[in-house]
Amino acid sequence: TTERAYFNFWEGTWYELRDGRRAEQPSYIIPRPAHESAFVEQWGPAISGEPSPPRALRAWEHDARTWRFLWITAEGHTQHWDTRKHGTDWYIYREFTQNGVTFVSRQAWLPQADGSVVRVIERSLDGGETWFTRVRARLVRG
C-alpha cells in the first residue's frame, strides 16, 4: 500500500544542514530495511549528544494499518510512541509530564521534493489543539 511505502525515502545516512553546511557527524544512519517497511535506525551523536547513540525501530503494522515506533537508548530506556497520519505525512506522538506540566510531543520526518528531509518536533500544552515548533531541521543524505 501507499501508506506502507511512506518511509521508502528513509534508507541512508542523513546529516543536518546548519547555515547551509552539512554537519560533520550524521544525525541518522538507516541501513537497508529489515523488511521493505521495517527499519532499525541508529540515531547519531549529532542528535542525541550521547557517545552510545540510541536506536529506534520503525515498522508498518499491516493488521492495524499504521506505523509503529519504539525508541531505545544504550542504557535500555525505551519510549513507545503512537503514530498518526496528519495530512499526507506520518507523525509520532507521546505524552510527557515534566515538572508537573503535561504536554504532547509530536515528531515527523517529512520528505521534500529535492530529496532532503525536514525533521519537525512540535509540542502542545492543550492536548493537541494547538502546536508550537521546537525544532525544524533540514537533513540531507550523505
Check: Considering only VAL140, PRO111, PHE96, whose Cα is most displaced toward the positive end of the charge dipole of the chain, charges sitting on Cβ of Lys, Arg (+1) and Asp, Glu (-1)?
Finding: VAL140
Check: Put VAL101, VAL135, VAL118 in order of accessible area, largest first, 1.4 Å probe: what do you get?
Finding: VAL101, VAL135, VAL118
Notebook entry, point to check: Between [x] 40; [y] 33; [z] 23, which matches percent of Cα pairs over 26 Å apart calculated for the structure shown?
Noted result: [z]
Item checked: 1.4 Å probe accessible area per residue over region 1-90, in Å² -> 59 Å²
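Once the other residues with Cβ under 9 Å from the Cβ of LEU139 are scored (Lys, Arg +1; Asp, Glu -1), what is the net sum?
Charge balance in the 9 Å sphere: +2.
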Next item on the list: Whole Å is fine, so just give me how far the alpha carbon centre of region 1-42 lies from that of region 64-127.
Entry: 15 Å
Check: Which distance in nm do the two modelled labels at ASP89 and VAL40 give, with both placed 7 Å along the Cα-to-Cβ direction?
Finding: 2.8 nm
Notebook entry, point to check: Ignoring ligands, DNA and RNA, what percent of the accessible area of the chain is carbon or sulfur (1.4 Å)?
Noted result: 46 percent
Check: How big is the charge dipole of the chain about its Cα centre, in debye rounded to the nearest 20, if each Lys and Arg gets +1 on its Cβ and each Asp and Glu gets -1 on its Cβ?
Finding: 240 debye
Checklist line | Area accessible to solvent at GLU16, 1.4 Å probe radius, in Å² | finding: 40 Å²
Margin query: Just want the answer: with Cβ charges of +1 for Lys and Arg and -1 for Asp and Glu, which residue in ILE72, GLY128, ILE29 is farthest toward the dipole's positive end in region 16-142?
Written below: ILE29
Next item on the list: Would you calculate, for the chain, the mean residue ellipticity at 222 nm contributed by helices, counting each DSSP H stretch of 4 or more residues as -39,500 (n - 2.57) and dividing by all residues, to the nearest 500?
Entry: -500 deg cm²/dmol
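The values are calculated or read from the model by the stated rules, or taken from the named source; none is laboratory data. None of these values were measured; they are calculated from a predicted model. Don't worry about glycine lacking a Cβ; one is built from the backbone with ideal geometry, like all the others, and counts go over all protein chains shown. For accessibility, only protein heavy atoms count, side chains too; no ligands or nucleic acids. Shrake-Rupley method; radii C 1.70, N 1.55, O 1.52, S 1.80 Å.
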